[in-house]
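Let me begin by presenting the structure, written as structure tokens, before commenting on it.
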Amino acid sequence: MKIATFNINGVKARLDTLCGWLRDAAPDVALLQEIKSTDETFPREQLEDLGYTVETHGQKGFNGVAILSKLPLEDVVRGLPGDEDDAQARYIEATVTGTRSVRVCGIYLPNGNPAPGPKYEYKLAWLDRLEVRMRDVLRLEEPAVFSGDYNVIPQDEDAARPEAWREDALALPQSRAAFRRLLALGFTDALRAETQRPGLYTFWDYQAGAWDRDLGIRIDHHLLTPQAADLARSAWVEKDIRGREKPSDHVPVWIELDV
DNA sequence: ATGGTAGCAAGGCTA
């Protein structure tokens with residue numbers, strides 16, 4: 001089972017790109033972030049025509065997440081549990097069953113800038129709630145993946161210019177500590193081993209020629225329960241997507257599970 | 001210190 005996470009940065013503006021990618025790359029499951037659409041305006045039919053089951057947790061204008069799957073999706077949860085007053089659409093879960101079941105959890109973590117400030121407080125509170133949810137799922141001792149745009153640069157080697165991010169909400173010590181706590185629960189960062197070779201990034205800013213100069217950061221992650229990690233065959237970044245026509249500022253990040 | 005680009009949606013916010 002091939003699972004990709006992809007911050008699409010506007011599904012309506014990216015629909016041709018998305019459909020072409022789904023035809024070529026043919027993920028079994030695609031977790032999308034920043035769909036910037038409501039459930040009603042999401043281009044569901046076009047994706048269903050490509051053979052995908054579609055579940056969305058949308059919002060007008062900003063944020064929004066979705067799961068596309070070639071296999072049926074069951075037991076969908078919309079919204080990160082733990083705060084009834086949180087109106088931002090940043091989280092969706094479902095179960096997909098191949099030769100065995102995998103819980104797939106799609107994440108669009110708050111950016112948190114400017115820090116310090118209320119947006120950063122929201123990011124840290126969201127990370128605390130995510131830790132609770134991940135602990136609960138971990139207890140089930142089943143294959144599960146928490147995949148998406150974490151808006152966290154875990155370590156200096158995950159940025160081309162770490163000094164440029166020193167004061168940024170994506171790399172502040174509290175952000176990194178919270179991410180490390182997620183790993184300490186017992187999760188595996190599926191792409192971590194790949195970062196032994198420098199220059200593994202998933203995002204390049206539209207501004208200041210970041211792509212042309214390869215000034216990227218690694219902020220899109222797959223975190224695997226031990227049961228999922230045992231099934232993991234490989235993990236990779238589809239970097240060339242960033243150089244195509246009208247790209248998102250993120251690229252797809254993949255894992256393949258032996259399921 | 002600022003601005004640089006992009007999407008949504010129709011002005012400013014978010015990133």
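The values are calculated or read from the model by the stated rules, or taken from the named source; none is laboratory data. On a predicted model such as this, the values are computed, not experimentally measured, just so you know. So basically every Cβ, Gly included, is an ideal-geometry build from the backbone, and we count neighbours across all protein chains shown. Note: accessible area is taken over every heavy atom of the protein model, side chains too, but ligands, DNA and RNA are not part of it. Shrake-Rupley method; radii C 1.70, N 1.55, O 1.52, S 1.80 Å.
With the biggest extent put first, the Cα atoms of the stretch A:63-148 measure 46, 25, 20 Å across the principal axes.
Annotation: lysines with alpha-carbon distance below 20 angstrom to A:K119 (same-chain offsets under eight excluded): A:K36, A:K60. Split the accessible area of the stretch A:2-257 by element, probe 1.4 Å, and carbon with sulfur accounts for 49%. In terms of its C-alpha gyration tensor, the stretch A:2-257 comes out rounded, because the ratio a/c of the largest to the smallest axis stays below 1.5. Shape class of the stretch A:122-200 from the Cα gyration tensor (axes a ≥ b ≥ c, square roots of the eigenvalues): oblate, since a/c reaches 1.5 or more and a/b does not exceed b/c.
For chain A, a simple Cβ point-charge model (Lys and Arg +1, Asp and Glu -1, everything else neutral) yields a dipole of about 300 debye relative to the Cα centre. Taken as Cα centroids, the stretch A:187-225 and the stretch A:79-109 sit 22 Å apart, rounded to the nearest whole angstrom. When the Cα positions of A:P72, A:T56, A:L22 are compared along the charge dipole of the stretch A:2-257, A:L22 comes out farthest toward the positive end, with charges on each C-beta of Lys, Arg, Asp and Glu. Its DSSP H runs of at least 4 residues, each contributing -39,500 (n - 2.57), put the calculated 222 nm mean residue ellipticity of chain A at -6000 deg cm²/dmol, to the nearest 500. Counting only DSSP beta bridges whose two residues both lie in the stretch A:2-257, roughly 80 percent are antiparallel.
Dipole of the stretch A:94-168 computed with +1 at Lys/Arg Cβ and -1 at Asp/Glu Cβ about the Cα centre; of A:F146, A:V102, A:Y120, farthest Cα towards the positive end is A:V102. Note on chain A: with a GNM built from Cα contacts shorter than 10 Å, the maximum mean-square fluctuation among A:D16, A:D24, A:D249 falls on A:D24. Could you tell me which of rounded, prolate or oblate describes the stretch A:1-105, using a ≥ b ≥ c as the square roots of the eigenvalues of the alpha-carbon gyration tensor, with rounded for a/c under 1.5 and, failing that, prolate when a/b is larger than b/c and oblate otherwise? It is oblate, given that a/c is not under 1.5 and a/b is not larger than b/c. Remark: the stretch A:2-257 carries 44 Å² of accessible area per residue (probe radius 1.4 Å; ligands, DNA and RNA excluded).
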